[in-house]
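First up is the structure itself, then whatever we jot down about it.
The values are calculated or read from the model by the stated rules, or taken from the named source; none is laboratory data. Predicted model, so just to flag it, every value in this text is computed and none were measured. Please note: Cβ atoms are built from the backbone with ideal geometry, for glycine as well, and neighbour counts cover all protein chains shown. Ligands, DNA and RNA are excluded from the accessible area calculation, which covers all protein heavy atoms including side chains. Shrake-Rupley method; radii C 1.70, N 1.55, O 1.52, S 1.80 Å.
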Amino acid sequence: MLGQFRDRGWYPATEAPFFNQHGGSVPANFPLEMRRGESGAQAGTIYYTTDGTDPRVAFAGSPTPLTLVAAGAAKFAAVPASADWDTASPNWREVGFDHAAAGWASGTLGAGYESDTGYEALIDPNFNFLAQLQNVNGSLYLRAPFTVADPSQVASLTLQIRYDDAFIAYLNGAEVARQGAGGTPGTPLPWNAEGQDGHSDSEAVTFVGIDLTAHLDKLVAGDNVLAIHGLNTGRNSSDMLIHPTLVATLAPPGGGSDIAPSAQVYTAPVALADSAQVKARLKNGSEWSALADATFIVGATPAGAANLAVSKIHYRPAGPTQAEIDAGFANRRDFEFLELMNIGAQKIDLTGVAFDAGIDFAFDAHSNAVELAPGGRLVIASNLAAFAMRYGSATPVAGQFQAGSNLDNNGETIRIVDGSGGTIRDFRYEDAFPWPEAADGSGASLVLIAPESNPDHALPENWRSSAGAGGAPGSDDRQRYAAWRDSHFTPAEQASGLAGFDVDADLDGVPNGVEYLGGSHPRDGSSLPPMAARLAQSAGEAYAEFQFTIDRASDDARHRAALSTDLAGWQHGAASLAPTGPPAENGDGTETWTYRSAQPLSALGGAAFFRLEADLRE
């Protein structure tokens with residue numbers, strides 16, 4: 001098939017460059033080798049880029065169209081009566097010929113005649129040569145003068161012509177095109193010649209384009225002339241028409257080179273220090289090869305369960321605003337997204353990574369993202385336009401959900417596989433407690449707690465609601481104990497140990513870590529985290545309840561409630577106390593939990609004590 005394309009001039013004969021590896025993962029400073037064609041024996045020079053741009057451009061900028069001879073431009077025409085015009089110096093085909101002195105007619109349309117109906121509107125009244133042509137002569141001459149300021153800036157040239165029946169075109173005296181005229185190309189026909197091949201009336205009324213770019217060297221700065229020898233196939237024909245135009249394109253100032261400014265000449269193996277999309281072509285004379293295009297991912301490790309986490313799931317966003325509805329986004333599902341995070345120490349290769357449950361999305365087919373830096377995040381959005389409207393354009397977005405897929409509001413399985421079909425992630429999220437319920441329509445997203453620790457995605461205790469509405473796509477909405485400590489303790493106090501997580505710096509009975517979780521001030525004894533104990537009746541029995549408020553963004557710290565009957569031994573877990581339900585959302589990034597004793601107060605000896613415990617995650 002390529003051979004047939006090449007025979008027809010549809011595909012270049014010059015072979016594209018060959019790479020020693022056609023893309024994929026490679027080590028740092030991989031030596032990329034290129035050879036001239038498959039055998040390496042093809043003639044020419046390899047030009048390549050590493051920024052994803054084509055080494056070949058039509059020009060160093062966009063060409064500018066330019067009409068040199070318009071359909072309604074001034075023209076001059078005559079029917080020759082002898083060979084004198086052909087033998088004069090300069091002759092009628094050349095710039096210096098004096099058509100005015102020779103008595104040529106002037107007009108702006110086509111030239112010829114019509115003895116019936118058809119060409120009347122196309123022939124200028126001054127160029128109606130019925131009496132001079134029909135049954136008299138088969139030839140007419142037409143000249144169209146034009147000027148060119150700088151021929152070196154002309155990038156292409158096209159003759160567009162209506163004709164019945166044949167013609168020879170000249171540019172400044174040199175033949176540039178011949179259609180249906182017969183004779184020997186390059187040798188003018190006599191003043192009374194006739195055409196050999198006809199061009200029907202239905203064809204003649206349409207401009208035919210003929211590429212004259214190969215004759216750009218005929219142009220000169222200043223005055224030029226397009227000359228047409230029009231030919232009829234018979235002197236007794238009922239009509240004749242010659243109506244030419246000439247159009248060009250101008251390269252921009254600077255030369256119009258077809259080699260891109262960013263292109264480099266290949267002379268030796270290219271050491272790839274960073275990931276790159278490499279594009280290369282072989283230029284053999286004026287012919288360019290097809291494009292060799294490959295993406296190399298340098299120094300990356302394959303994506304897997306050890307380095308790729310689902311860090312956020314926004315399965316039921318807040319409903320659309322009126323402005324969003326007016327923009328065409330009337331469904332809250334338009335604003336869904338899912339976020340991935342590289343939790344490893346090296347950049348990871350996303351080649352072959354795909355979702356085969358939950359949403360439909362494959363990086364190879366649906367994204368330009370090929371790698372993810374350590375700590376980097378990528379969002380996959382339900383609707384790219386809706387996402388940009390609500391969340392802005394600064395968030396790194398890998399692509400859009402495919403095949404009409406969306407995240408299920410009632411919970412579903414999310415599964416991610418690698419290029420060989422191996423499982424990277426396979427878990428199910430839910431929309432009801434013990435999963436965070438604030439993610440179910442109030443505007444928050446599900447956020448994986450401490451993702452760098454690679455927690456089990458299937459456990460609800462490893463997820464929280466985002467600190468604020470909107471779900472924080474592409475960003476980290478956590479606060480960290482280290483930053484909180486730095487804002488409350490001087491370097492000297494930290495060096496003394498006063499800022500330790502388990503230290504009670506203000507001697508109010510609450511260690512720094514609990515003050516951090518509860519949002520109170522560690523240096524003010526009157527500032528205490530919100531906590532309370534109370535009695536609650538159930539089935540005629542009194543139960544002890546413990547209520548406390550924490551900042552859910554403080555997810556580098558873990559918390560648990562503890563129960564004691566004597567302030568000596570402390571009990572944890574559902575056998576002693578358990579949450580009464582999901583936490584109450586306070587609208588400021590904090591949440592209030594309520595725990596109840598598993599046994600009535602009477603079974604606890606009439607007294608119950610509670611405390612909130614905290615520790616930092618490793």
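Here Val136 does not fit the description of being farther than 21 Å from Ser106 by Cβ and in contact with a strand residue (DSSP E or B) (Cβ under 9 Å, 6 or more places away or on another chain).
Here's the yes/no breakdown for (1) hydroxyl-bearing (Ser, Thr, Tyr); (2) touching a residue at least 40 places away in the same chain (Cβ under 8 Å); (3) in contact with a strand residue (DSSP E or B) (Cβ under 8 Å, 6 or more places away or on another chain); (4) within 27 Å of Pro455 (Cα to Cα):
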position: Ser526; (1), (2), (3), (4): yes, no, no, no
position: Ala533; (1), (2), (3), (4): no, yes, yes, no
position: Gly540; (1), (2), (3), (4): no, no, no, no
position: Ala553; (1), (2), (3), (4): no, yes, no, yes
position: Gln571; (1), (2), (3), (4): no, no, yes, yes
position: Ala578; (1), (2), (3), (4): no, no, yes, yes
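From the list Arg415, Arg332, the lone residue that is over 22 Å from the mean Cα position of the chain (by Cα), under 29 Å from Asn586 (Cα atoms), open to solvent by 40 Å² or more (accessible area, probe 1.4 Å) and not acidic (Asp, Glu) is Arg332. Can you spot a residue in region 227-243 that is without any contact (Cβ under 8 Å) to a residue 60 or more places away in the chain, part of a loop (DSSP other than H, G, I, E, B), open to solvent by 60 Å² or more (accessible area, probe 1.4 Å) and of a type outside the set (A, V, I, L, M, F, W, C)? Checking region 227-243: not a single residue is without any contact (Cβ under 8 Å) to a residue 60 or more places away in the chain, part of a loop (DSSP other than H, G, I, E, B), open to solvent by 60 Å² or more (accessible area, probe 1.4 Å) and of a type outside the set (A, V, I, L, M, F, W, C). Elements of the type strands (runs of 3 or more DSSP E) sitting completely within region 121-198 and holding at least 1 residues that are within 48 Å of the chain's Cα centre (by Cα) and charged (D, E, K, R): these cover 154-164, 174-179. Looking only at region 596-612, residues that are part of a strand (DSSP E or B) and either buried (at least 17 other Cβ atoms within 10 Å of the Cβ) or within 57 Å of the chain's Cα centre (by Cα) (or both) come to 5 in all.
Within the bounds of region 441-459, is there any residue that is charged (D, E, K, R), touching a Pro at 6+ places or on another chain (Cβ under 7 Å) and under 30 Å from Ala574 (Cβ atoms)? No - not one qualifying residue is present in region 441-459.
Residues in region 586-595 that are at pLDDT 90 or above and crowded, with 18+ Cβ neighbours inside 10 Å: Thr590, Glu591, Trp593, Thr594, Tyr595. Considering Asn586, Asn512, the condition of being in contact with a helix residue (DSSP H, G or I) (Cβ under 9 Å, 6 or more places away or on another chain) and either among the small types (Gly, Ala, Ser) or without any contact (Cβ under 8 Å) to a residue 40 or more places away in the chain (or both) is satisfied by Asn512 alone. Residue pairs whose Cβ atoms lie under 6 Å apart, separated by 6 or more positions or on different chains, with the first residue in region 303-317 and in a strand (DSSP E or B) and the second of a type in the set (S, T, N, Q) and open to solvent by 10 Å² or more (accessible area, probe 1.4 Å), are Arg316/Asn409. The set of residues in region 335-373 that are open to solvent by 30 Å² or more (accessible area, probe 1.4 Å) and under 20 Å from the mean Cα position of the chain (by Cα) comprises Thr351, Asp360, Asp364, Ala365, His366, Asn368, Val370, Glu371, Ala373.
Taken together, the residues in region 265-280 that are in a strand (DSSP E or B) and open to solvent by less than 40 Å² (accessible area, probe 1.4 Å) amount to 6. Being over 30 Å from Gly319 (Cβ atoms), at pLDDT 95 or above, open to solvent by 40 Å² or more (accessible area, probe 1.4 Å) and of a type in the set (A, V, I, L, M): is that true of Ala544 here? Judged against the criteria, Ala544 is not a match. In summary, Gly474 fulfils each of the numbered conditions (1) part of a loop (DSSP other than H, G, I, E, B); (2) open to solvent by 60 Å² or more (accessible area, probe 1.4 Å) with the single exception of condition (2). Applying the condition of being at pLDDT 95 or above and of a type in the set (A, V, I, L, M) to region 457-471 and asking which residue is least open to solvent (accessible area, probe 1.4 Å) yields Ala458. Only one entry of Gln537, Gln494 meets the criterion of being open to solvent by 20 Å² or more (accessible area, probe 1.4 Å), modelled with pLDDT of 95 or more and not in a loop (DSSP other than H, G, I, E, B), and that entry is Gln494. Applying a threshold of 8 Å to beta carbon distances and a minimum spacing of six or more residues, or different chains, the list of pairs starting in region 122-148 at a residue that is under 14 Å from Ala74 (Cα atoms) and open to solvent by 80 Å² or more (accessible area, probe 1.4 Å) and ending at one that is part of a helix (DSSP H, G or I) and β-branched (Val, Ile, Thr) is empty.
Filtered by the rule that a residue be surrounded by fewer than 19 Cβ atoms within 10 Å (Cβ to Cβ) and farther than 30 Å from Ala251 by Cα, region 155-184 gives Gly180, Gly182, Gly183, Thr184. In region 559-585, the residue that is modelled with the lowest pLDDT out of those that are assigned to a strand (DSSP E or B) and farther than 30 Å from Gly500 by Cβ is Glu585.
Only one entry of Phe363, Phe427 meets the criterion of being more than 19 Å from Pro455 (Cβ to Cβ) and aromatic (Phe, Trp, Tyr), and that entry is Phe363.
Taken together, the residues in region 419-430 that are at pLDDT below 95 and surrounded by 16 or more Cβ atoms within 10 Å (Cβ to Cβ) amount to 1.
On the stretch given as region 206-226, residues that are in a strand (DSSP E or B) and surrounded by fewer than 21 Cβ atoms within 10 Å (Cβ to Cβ) total 7. One residue stands out among those in region 358-392 that are β-branched (Val, Ile, Thr) and assigned to a loop (DSSP other than H, G, I, E, B): the one that is farthest from Gly328 (Cα to Cα), which is Val370.
Every condition in (1) in a loop (DSSP other than H, G, I, E, B); (2) within 23 Å of Asp506 (Cβ to Cβ); (3) open to solvent by 40 Å² or more (accessible area, probe 1.4 Å) is met by Glu618 except one, and the failing one is (2).
When His99 is tested against (1) crowded, with 17+ Cβ neighbours inside 10 Å; (2) part of a loop (DSSP other than H, G, I, E, B); (3) in contact (Cβ under 8 Å) with a residue 60 or more places away in the chain, just one condition goes unmet, and that condition is (3).
What are the pairs with Cβ atoms under 6 angstrom where one residue, in region 343-363, is closer than 11 Å to Pro302 by Cα and the other, located anywhere, is β-branched (Val, Ile, Thr) and open to solvent by 20 Å² or more (accessible area, probe 1.4 Å)? Sequence gap at least six, or different chains. Final answer for the pair search is Gln346/Thr301; Ile348/Thr301; Leu350/Val370. The strands (runs of 3 or more DSSP E) found wholly in region 6-79 and carrying at least 1 residues that are open to solvent by less than 30 Å² (accessible area, probe 1.4 Å), among the small types (Gly, Ala, Ser) and within 30 Å of Leu133 (Cα to Cα) occupy 75-78.
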